[in-house]
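Below is one structure, written out as structure tokens, with a few remarks after it.
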Amino acid sequence: MTPVDRVHLGVGSSDSEVGARIGGRPPQVFAAQPIFQTHDYLLTLGAHTAPWLGERELSVFIRRGFTIGDDDLEYPNIGVRAVLHPPSSRSAESSGAHEGLGSAALIRIPPDDDVVPLVRIAPQPVLIQNEPSYATAVEADGHSFLFQINEEGWPVVDESHPEFVEEYLFGYGSVYFYGSTDATGLAREVVPGFLDF
């Protein structure tokens, strides 16, 4: 796979109200939505970040209190949700913000096999345990790999990222997202397929 086939995103040193971003206040489009009764906001992939997004954004939410010791770790009931939506700036309200995360822009970083990105968009996943059977159930439902979130890609604690994340949400592992696309290549649905840690 060439670097052209991949988009790697890392945590920027500054925040952003729009586009690809992580933590902080969720997108305004979710204001007063029932998702915040059970889930916290994790991140947003901005429009055109991936070819399957087109002019839409995709936001990821994690069940409040989620840990890898819980029961909702297997497809189709993983405690993570991915929602396609129109472009939206951050809400003025902090309802739904994850208390254990900093707030920052997600920025493109050069694809480099020696650097693990926080978000990796590519045609194929990079597995931790090299166990392709983890994807069997989600692929049987007609979904294909779209992107992954890698906890190894959290920023190193330094002056620009002092304790950006309080704890590893996925056991210092990765969560892999799959989806189905329409005839134009745009995603119709995005789902968490499996966790690998």
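The values are calculated or read from the model by the stated rules, or taken from the named source; none is laboratory data. Remember, it's a predicted structure, so these values are computed and weren't measured experimentally. Heads up, the Cβs are rebuilt from the backbone with ideal geometry, glycines too, and the neighbour counts pull from every protein chain shown. Ligands, DNA and RNA are stripped out before the accessible areas are found, and what is left, the full protein with its side chains, is counted by its heavy atoms. Shrake-Rupley method; radii C 1.70, N 1.55, O 1.52, S 1.80 Å.
Between residue 172 and residue 17, residue separation times 0.36 nm minus the direct Cα-Cα distance comes to 53.1 nm.
Each label was represented as a point 7 Å from its Cα along the Cα-to-Cβ direction; for residue 92 and residue 130 these points are 5.4 nm apart.
Assuming charge only on the beta carbon of Lys and Arg (+1) and of Asp and Glu (-1), the dipole of the chain about its Cα centre is about 680 debye to the nearest 20. Based on alpha carbons, the Rg and Dmax found for the range 70-152 are 15.6, 42 Å. Taking Lys and Arg as +1 and Asp and Glu as -1, the other residues whose beta-carbon sits under 12 Å from that of residue 186 total -1.
For the pair residue 140 and residue 29, label points projected 7 Å from Cα toward Cβ lie 3.2 nm apart. Here, P(r) means the percent of Cα pairs in each 10 Å bin from 0 to the largest distance; for the range 1-96 it is 15, 43, 33, 9, 0. The residues of the range 86-131 have, on average, 57 Å² of accessible surface per residue, using a 1.4 Å probe with all protein chains present. Across the range 104-181, Cα-Cα pairs farther apart than 14 Å form 67% of the total. When each of the peptides 38-49, 86-97 is scored by the mean number of other C-beta atoms lying within 10 Å of its residues, the order from highest to lowest reads 38-49, 86-97.
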